[in-house]
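Accompanying notes for the structure given below.
The values are calculated or read from the model by the stated rules, or taken from the named source; none is laboratory data. None of the values given here were measured: they were computed from a predicted structure. Note: ideal-geometry Cβ built from the backbone for every residue, glycine included; neighbour counts use all protein chains shown.
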Amino acid sequence: MSVYLSAVVFVVVAFTIFYLWVMRSQCFNRPSHVLLDVDDFITIRHNALSRYFTGFAMLVQKGHISKIEVSDECLTLITDGNNAIEIWLSQRFIGPNASYARTLFPEAEFTRSCT
């Protein structure tokens, strides 16, 4: 029983270290990596797993984003159908990613909320 517990603890600790490393990395949080512009579509890497493995990213048409909300650690993109895509970032990466989102979606309403 203690072997299984040790394995579970090891996996949880390894995932936590991996998650923190990706969330703090300049390479994985730069705006051109989080919001990848591909013609009429945007590939959104909304969490640490999708920033490391591209298969977990979301694909959205540029014209479908109607609102951009920025808070302390979250950049939220809201689509025409009121679906929200939350992009969790460290505070030091929110500003550059928010201004890049404004350039990608010039028609979208931009709001900044204080939490």
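Looking across segment 16-27, the residues that are over 10 Å from the mean Cα position of the chain (by Cα), modelled with pLDDT under 90 and among the hydrophobic types (A, V, I, L, M, F, W, C) come down to PHE18, LEU20, TRP21, VAL22, CYS27. Contact map, segment 10-32: residues that are over 24 Å from LEU104 (Cα atoms) paired with residues that are in a helix (DSSP H, G or I), Cβ distance under 7 Å, separation 6+ or inter-chain. Pairs shown: TYR19/ALA48. Each residue in segment 79-99 was checked for being closer than 15 Å to ILE44 by Cβ and more than 13 Å from the chain's Cα centre (by Cα), and 2 pass. Could we say that ASN97 is surrounded by 13 or more Cβ atoms within 10 Å (Cβ to Cβ) and either assigned to a loop (DSSP other than H, G, I, E, B) or in contact (Cβ under 8 Å) with a residue 60 or more places away in the chain (or both) here? So ASN97 passes the test. Within segment 33-74, the residues that satisfy the criterion of being without any contact (Cβ under 8 Å) to a residue 40 or more places away in the chain, within 23 Å of GLU109 (Cβ to Cβ) and part of a strand (DSSP E or B) are LEU36, PHE41, THR43, MET58, LEU59, VAL60, GLN61, CYS74.
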